[in-house]
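A.B. asks: Can you keep this structure in mind? I'll have questions shortly.
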Amino acid sequence: MAFAQVGDVRLAYDDEGTGPAVVLLHGFPLGRWIWDAPRAALRDRYRVVTPDLRGHGDSEVTAGPYLMDALAADVARLLDALHIDRAVIGGLSMGGYVAFAFWRRFAARVRGLILCDTRAHGDNQGEKVVRQSTAQAALDQGTAAVVEGMLPKLLAPQSLTGRLDLVAAIRARLAKTDPRAVAATLLGMKEREDSTPTLATITVPTLVVVGGDDQLTPPTLARELQAGIRGARLEVVPEAGHLAPVEQPTATSTALRRFLDALP
Ligand code: MLT
């Protein structure tokens, strides 16, 4: 692990391997650890950079809200610090929202996109209300209270019932996220723009990946992404929920590798 001061925040990141750069962004309230397996599987041929987004993992907690544009700007500054001009930008769920924001702001720096267990549309009114009350609950009751409600939705049913070690490990990781960061991120996601109009603007090779049992961003939404982005490929990872790289690390890494190896 290394650290870089980018603007007003100190970010933790891993930077492994040599070759064309691939940046993989985690979801909420997760950390760069969700990409451990793909990073290990890709580093023989690619430079794989996995930051902890502000407030998450080992990165600094700052005042919120964490708008997706601000998180994208953090990633751009990290690339500057690492002397990386262009990269494939991948993101899981909220990481996908950040990848869309990065594309809108820094398209010239994007060689390809990997959209994993994510969606294009913004929050509707009901979702915004839930974000607001969940942010307050995190501040009032702590992260653990929020995590318990999320966990059943993050994993595939068979992971939840059959892989208790994995469930316990994920619960422990999630609970470590600072409640101020949980609130700041929820409030930032609530304000995110609808990326549906962005889809038609994407002109780089794109891979859409989704766990076959993802309840939060199901395969129907992944197919919408694929249909909206010219030439996009779709990989459905069987027996995985919302955390495909964690629940099925080998299959997910293989899908990423197939896509990256075929890039011009
Ligand atoms: C995530 O995994 O990043 C979240 O489920 C995204 C969201 O809450 O919209």
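A.B. asks: Length gain on complete extension for the stretch Arg257 to Glu193, per 0.36 nm per residue less the alpha carbon to alpha carbon distance? Working shown, then result.
C.D. replies: On the way: separation 64, 0.36 × 64 = 23.04 nm, distance 3.01 nm.
Stretched out fully, the Arg257 to Glu193 stretch lengthens by 20.0 nm.
A.B. asks: Counting only C-alpha contacts under 8 Å and six or more residues apart, can you give the relative contact order of the chain as a whole percent? Working shown, then result.
C.D. replies: On the way: 567 pairs, mean separation 54.7, N = 264.
Normalised by residue count, the contact order of the chain is 21 percent.
A.B. asks: Over its Cα atoms, what ratio of radius of gyration to 2.2 N^0.38 Å does segment 108-264 give? If you can, show how the numbers build up before the last one.
C.D. replies: Details: Rg = 16.7 Å, N = 157, 2.2 N^0.38 = 15.0 Å.
Scaled against compact globular proteins, the figure is 1.11.
A.B. asks: Can you give the accessible area per residue of segment 73-128, in Å², using a 1.4 Å probe? Numbers along the way, then the final one.
C.D. replies: Numbers: 1750 Å² over 56 residues.
Result: 31 Å² of accessible area for each residue.
A.B. asks: Separate question: Place a label point 7 angstrom from the Cα of Thr18 along the Cα-to-Cβ direction, then list the residues of segment 97-140 whose backbone nitrogen is under 11 Å away.
C.D. replies: none
A.B. asks: Continuing with the same structure: Using alpha-carbon pairs under 8 Å, 6+ residues apart, how would you state the relative contact order of segment 1-144 in percent? Intermediate results must be reported in sequence, preceding the final value.
C.D. replies: Working: 251 pairs, mean separation 32.5, N = 144.
Contact order relative to length: 23 percent.
A.B. asks: While we're on this one: Count the DSSP beta bridges whose two residues both fall in the chain, then state the antiparallel fraction as a percent rounded to the nearest 5. List each step's numbers first, then the result.
C.D. replies: On the way: 9 of 31 bridges.
Around 30 percent antiparallel, to the nearest 5.
A.B. asks: Continuing with the same structure: Roughly how many nanometres apart are two label points built 7 Å out from the Cα toward the Cβ at Ala40 and Arg171?
C.D. replies: 2.4 nm
A.B. asks: Please grab the % of Cα pairs in segment 1-122 that end up more than 18 Å from each other. Please report the intermediate quantities before stating the final value.
C.D. replies: Details: 3246 of 7381 pairs.
The answer is 44 percent, as a whole percent.
A.B. asks: Could you state the orientation-averaged shadow area of the convex hull built on the Cα atoms of the chain, in nm² to one decimal? Display every interim value, and only then the final one.
C.D. replies: Values: hull surface 48.9 nm².
Averaged projected hull area, Cα only: 12.2 nm².
A.B. asks: Run through all the Cα pairs of segment 1-41 and give the fraction in each 5 Å bin from 0, expressed as whole percent.
C.D. replies: Result, from short to long distances: 5, 18, 27, 28, 15, 6, 0 percent.
A.B. asks: Could you work out the relative contact order of segment 204-264? I mean the mean sequence separation of Cα pairs under 8 Å and 6+ apart, divided by the number of residues, in percent.
C.D. replies: Working: 90 pairs, mean separation 22.3, N = 61.
Averaging sequence separation for qualifying contacts and normalising by length gives 37 percent for segment 204-264.
A.B. asks: Take Asp80 and Ala227, extend 7 Å from each Cα along the Cα→Cβ direction, and tell me the distance between the two endpoints in nm.
C.D. replies: That separation, rounded to one decimal, is 4.0 nm.
A.B. asks: Would you please give the residues with an amide H less than 5 Å from that of Ala21, counting only those at least 5 places away or on a separate chain, with H modeled from the backbone geometry?
C.D. replies: Hits under the 5 Å cutoff: Arg47, Val88.
A.B. asks: I would also like to ask the following. Using +1 on the beta carbon of Lys and Arg, -1 on that of Asp and Glu, and nothing else charged, what's the dipole of segment 7-159 about the Cα centre, debye to 20? Provide the component values of the computation, followed by the final result.
C.D. replies: Numbers: 17 positive and 18 negative charges, 108 e Å.
Roughly 520 debye, rounded to the nearest 20.
A.B. asks: Under 5 Å between amide H atoms, partner at least 5 residues away or on a different chain: which partners does Leu234 have, H built in plane at 1.01 Å?
C.D. replies: Hits under the 5 Å cutoff: Val208.
A.B. asks: Carbon and sulfur together cover what percent of the accessible area of the chain at a 1.4 Å probe radius? Don't jump to the answer; show the numbers that get you there.
C.D. replies: Details: 5540 of 10460 Å².
The C+S portion of the solvent-accessible surface of the chain is 53 percent.
A.B. asks: While we're on this one: Each residue of segment 100-116 in turn: what ³J(HN,Hα) in whole Hz from Karplus with 6.51, -1.76, 1.60 and θ = phi - 60°, glycine and Pro shown as x?
C.D. replies: Per-residue couplings from phi come out as 4, 5, 5, 4, 4, 8, 9, 3, 5, 9, 9, 8, x, 10, 10, 10, 10 Hz.
A.B. asks: Run the helix sum for the chain: -39,500 (n - 2.57) per DSSP H stretch of 4+ residues, divided by residue count, reported at 222 nm to the nearest 500 deg cm²/dmol. Mind dumping the intermediate values first?
C.D. replies: Numbers: 12 runs with 124 residues, N = 264.
Theoretical 222 nm ellipticity from helices: -14000 deg cm²/dmol.
A.B. asks: Equivalent-ellipsoid semi-axes (√(5λ), Cα gyration tensor) for segment 31-98, whole Å, largest first?
C.D. replies: On the way: eigenvalues 85, 41, 25 Å².
Semi-axes from the Cα gyration tensor: 21, 14, 11 Å.
A.B. asks: Run the reach check for Lys128 against aspartates and glutamates, Cα to Cα strictly under 15 Å, same-chain hits fewer than 8 apart removed. What comes back?
C.D. replies: Within reach: Glu191, Glu193, Asp194.
A.B. asks: Just want the answer: with Cβ charges of +1 for Lys and Arg and -1 for Asp and Glu, which residue in Ala4, Ile202, Ala240 is farthest toward the dipole's positive end in the chain?
C.D. replies: After comparing all options, I get Ile202.
A.B. asks: Further, regarding this structure: Compute the label zone of Ala200 within segment 87-116: residues whose backbone N is under 17 Å from the point 7 Å along Cα-to-Cβ.
C.D. replies: Answer for this model: 104.
A.B. asks: On to the next question. At 7 Å along the Cα-to-beta-carbon direction for both Asp58 and Asn124, put a label point, then send me their distance in nm to one decimal.
C.D. replies: Each label point is offset 7 Å from its Cα along the Cβ direction, giving 4.2 nm.
A.B. asks: Right, next: Just order 160-166, 181-187, 79-85 by mean Cβ neighbour count inside 10 Å, highest at the front, would you?
C.D. replies: Numbers: 160-166: 12.0, 181-187: 24.6, 79-85: 14.4.
Packing order, densest peptide first, comes out as 181-187, 79-85, 160-166.
A.B. asks: Any idea what % of Cα-Cα pairs in segment 123-212 are farther than 21 Å?
C.D. replies: Working: 1958 of 4005 pairs.
Pairs farther apart than 21 Å: 49 percent.
A.B. asks: Do any trypsin sites (Lys or Arg not before Pro) in segment 199-264 lie in a DSSP loop with no more than 15 other beta carbon atoms within 10 Å, and if so, which? Numbers along the way, then the final one.
C.D. replies: Values: sites: Arg223, Arg230, Arg233, Arg257, Arg258; in loops: Arg230.
Here the sparse-neighbourhood loop sites are Arg230.
The values are calculated or read from the model by the stated rules, or taken from the named source; none is laboratory data. Model, not experiment: these values are computed from the prediction. Every residue, glycine among them, receives a Cβ derived from its backbone with ideal geometry; neighbour counts consider all protein chains shown. Each accessible area value is taken on the protein alone, full model and side chains, heavy atoms only, with ligands, DNA and RNA left out. Shrake-Rupley method; radii C 1.70, N 1.55, O 1.52, S 1.80 Å.
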